[in-house]
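Take a look at the structure set out below.
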Amino acid sequence: MGGSKMDIKTSVESAKMSPTKLAVYAGIGVLVFLAPILFQGFGQLFLVRILAIVGLYVMLALGLNIVVGYAGLLDLGYIAFYGIGAYAGILGGQPLSQWLAATFPDQPWAPGLSYFIMIPIAAVAAAITGIMLGTPVLRLRGDYLAIVTLGFGEIVRIALNNNIFGLTNGAAGLPKAGEVVPKPFGLDWLTKVTYFRIPNLGDNGFTFTFTANVYWYYIIVLLCVFTIFVVRRLDDSRLGRSWTAMREDEVAAASMGVNITGAKLYAFSLGALWGGIAGTTFANFQGFVSPESFTFMESVFVVCVIVLGGMGSIPGAIVGALVIQGVPELIRGMASSGLLTALTGITVSAEAQSAISNYRYLVFGLLMVIMMAWRPQGILPSKRRARELRPEDEKALDETNQTLYDAQHDTAIPGEDL
Amino acid sequence: MSADLIIQQLVNGVTLGGMYALIALGYTLVYGILLMINFAHSEMFMGGAYVGLGMLTWLSSDSFPASSFFKGSTFGLILLFLIVFAVAGITIGVLGVIIERVAYRPLRHAPRLAPLISAIGVSIFLQNAVLLWIDSKAIPYPSLFPVRQVISIGGASLNSLQLLIVVASLVLLLILDTFVSKTRIGKAMRATSQDREAAGLMGIDINYIIALAFFIGPALGAVAGIFHGMYYGTVIFSMGFIPGIKSFTAAVLGGIGNLRGAMLGGFVLGIVESLGAGFLSTGYKDVIAFGILILVLIFRPGGLLGESVVEKV
């Protein structure tokens, strides 16, 4: 009896953070914080940039995860929200920064605030578009929904490309010639304050300057942490549970009192919201947007990230983004900068370098097929999904539940101290 | 828009519609039996255009012994095109069967999104295989077919290639329709699409029927691909995506799973798009098809000829 009692204790404690887990998270945190400083210091600037882009994909993947992973609605036009966020960021940011500059003429940092003011605006713009897409497609499900969202994504891209309302400047993109995206708030100051140099470290010395890439890297990391926090809370919330129920069986969920309309609209708008935030960040980070960044293939990439990582899984989204967006860029960048040869002694020819970037799509296509056949739950599946997708584990799960049930009934015996 | 232009756009629309109808049949055949969108079908269309390109170039090149016979007479030219269409159709048909075997059959009992994601993977793979191993740029199509004006009404005209596309599409559609509605195998296909398990219990070889659907659809798609190449004069690795989506729209418009619906949907979409492009700016041409798709799915998901879909629990 004592043994079964211990079973409960362990299962409760595992939900809390164990010291090992805490140490792992702390280690990752330190790595994430130090990575750009080290890369920048040793002159590997492209690595900072790659990590920042991976961060953007993590945000996108986590946002799409709400729609696909939690609510089970396959969205093949997700990049449209990213695009709407990006265009909103530039279109709204321009007048805003001018207004800030005019209102605070003595403060050179004031125009840089426009990005931060635009975050909520772009988020709301994307979320409203999400509801606009979500409302008419409420009745659709499965692959029909996938095709409609694909059509929506393409319509948005074509509209941007055709200079809709005379705002988007067609295929040339924004900002228009002569206009620039203002420097973000505090970058100049940080560049001045944080410069340091250790001459004897490494081959060429260690020189750290707080560049724009480092700045955006930290902003994106902060946004990612915020996203992870919100998404985790969402998954455990009442809404998250109704998404799970809806994903499993819509009719059964509806008859149990889940508000399907509400749950779907929340999923679309909350998913779109993160796409919008990532989009406006991308626009400011890149300093430029054009419709070709928002093609169908980009939507497929984000879907790929979560399929590969594991639907509904947060660590999965991060690993997926690293594998899909990070690894090919990393190999190519390291090869072209000579870092790969310096570190491993492997020389990659220029031909092989371009082959890496060319073959990635081919490999991704193959990977999607293979993943669906052999590991549909992804690399790091969410616990719940892993159970769903591998029915042979259900027996083991039943046994665990039986043990817990027995244990609970044991503790309920009078005389036990509870 | 003047009357001449409207007639001209109608002619163009019907030509386009013939191609859409041929591709749409592939979507509808597979959806009717497996209830899945074969996203890789647009790559069958693209692949057909490339196989056709290779065959046309090879058979008409001076190094090929019979090239002067093929190019010399009308009969030779007809024979040349028959060979090209047959080879492309069979090659791509076999490719379709292989894809079904490798990418879809293992997922037949998986959650519904799994085959769709797998199909997207196949589509990306095939596009990039062509991009990497053949060419990343557009390739001009050999202009062996004699394009001549056949009929002209005022300013509008119908040329021989358009006539060929429309007539050949109609003939192929008629053959398929007869095959499905009159033959034993066609009956088995219809039975399978109504209830796969029950059909299996009645002694129909389900895997054979599914493989057959995956042969016929891509073969017709390949024919459409060659027409597309001949009509527009170039092929490129990414050519399948937009016609693929539009043909899927056509299949949905006609009522997905319904063969005659797919044919009707193809022609309706071709005409609407051509007229729409005449009235609106051509930049928004593709938006028309996507818009129709979304509207049909929302307001009449059963399509023009489809029955209303009853939710199965």
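What follows is calculated from the coordinates using simple rules that are stated; it is not laboratory data. This is a predicted model, so every value here is computed, not measured. All Cβ positions, even for glycine, are placed from backbone atoms using ideal geometry, and neighbour counts span all protein chains on display.
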Review point. Per residue of A:301-308, how many C-beta atoms from partner chains lie within 10 Å of its own C-beta, taken as a mean?
Key: 2
Point to revise | B:Phe145 long-range amide H proximity, modeled H, under 5 Å | key: none
Check your understanding: Which one of B:Ile37, B:Gly93, B:Leu82 is farthest out on the positive end of the charge dipole of the stretch B:19-167, using unit charges on Cβ (Lys, Arg +1; Asp, Glu -1) and the Cα centre as origin?
Key -> B:Ile37
Exercise for review: List, in order, the whole-Hz ³J(HN,Hα) value for each residue of the stretch A:64-78 obtained from phi through the Karplus relation with A = 6.51, B = -1.76, C = 1.60 and θ = phi - 60°; use x for Gly and Pro.
Suggested key: 5, 4, 4, 6, 8, x, 7, 8, x, 9, 6, 10, 9, x, 4
Review point. Using modelled amide H (1.01 Å from N, peptide plane; none on Pro or chain starts), what sits under 5 Å from the amide H of A:Val289, excluding residues fewer than 5 places away?
Key: A:Leu174
**Study point:** Under-5 Å amide H pairs with B:Val235, H placed in peptide plane, nonlocal only
**Key:** B:Ile139, B:Tyr141
Check your understanding: What FRET efficiency do you get for B:Val171 and A:Glu292 if R0 is 45 Å and r is their Cβ-Cβ distance, rounded to the nearest 0.05?
Key -> 0.65
Check your understanding: What is the average number of partner chain Cβ atoms found within 10 Å of a Cβ in B:121-132?
Key -> 6
Exercise for review: For the stretch A:216-223, take each phi angle, set θ = phi - 60°, evaluate the Karplus expression 6.51 cos²θ - 1.76 cosθ + 1.60, and give the result in whole Hz per residue in order, putting x for glycine and proline.
Suggested key: 5, 4, 5, 4, 5, 4, 4, 4
Review point. If r is the Cβ-Cβ distance from A:Met132 to A:Arg233 and R0 is 25 Å, what FRET efficiency results, to the nearest 0.05?
Key: 0.45
Study note, to complete from the structure: Check: C-alpha center the stretch B:196-223 vs C-alpha center the stretch A:34-98, spacing in Å is 44
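Where a ≥ b ≥ c are the square roots of the eigenvalues of the C-alpha gyration tensor, would you call the stretch B:1-155 rounded, which needs a/c under 1.5, or, failing that, prolate if a/b is larger than b/c, or oblate?
Cα axes put the stretch B:1-155 in the oblate bin.
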